[in-house]
Amino acid sequence: MFRLTALTVAAALTLSGCGSDPETLIMSRRTGLTGSGEITQGVLRNSGDMTIITPHETFSGRWVAVREGANQSLELLQAYGNGSVLRSTARLLSETEAGFGTAILTSDGGRSMRCEFRYTGVQITAIGVCETTDGEVFDLQVA
């Protein structure tokens, strides 16, 4: 019974994590200024909205990703309890992928920012670099 409960909890946690948007972090290479935000529509999408908030301004705009070769599969997981008392079914979607992305953002302060990143995973885990129109360079992390 413990194994069945653990399996059910693990499946629920896996499925509940599929809906959250990745968090975006940036840090200026020149000043150390940091910012955070999020990428929306990251799960199984090729584009979406991106927002980065720093203490001085907010950048927002679109991101687009080009996916390289992907291996997609849909699996059906079934767990049965003793005597067929408990039956649960969960669908798990797994996708192995990687690719390149860009984001073009504008700020409420009048600056623009262009980001380039390399990502992997269904929910986009990425590293890259962003640069503003005045030449400030930021390291980018998305998880």
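Throughout, read-outs are computed from the coordinates displayed, never taken from laboratory work. Note that the coordinates shown come from a computational prediction; the quantities given were computed from them, not determined experimentally. Note that each Cβ is placed from the backbone with ideal geometry, even for glycine, and that neighbours are counted across all protein chains shown.
Note on Asp108/Glu131: beta-carbon distance plugged into 1/(1 + (r/R0)^6) with R0 of 22 Å gives a FRET efficiency of 0.75. Computed from label points 7 Å out along Cα-Cβ, the spacing between Met27 and Ala143 is 1.2 nm. If you plug the beta carbon distance of Phe100 and Thr58 into 1/(1 + (r/R0)^6) with R0 = 30 Å, you get a FRET efficiency near 0.75.
For the stretch 53-66, the Karplus equation 6.51 cos²θ - 1.76 cosθ + 1.60, evaluated at θ = phi - 60°, returns couplings of 10, 10, x, 9, 7, 10, 9, 8, x, 10, 10, 9, 10, 10 Hz by residue, with Gly and Pro reported as x.
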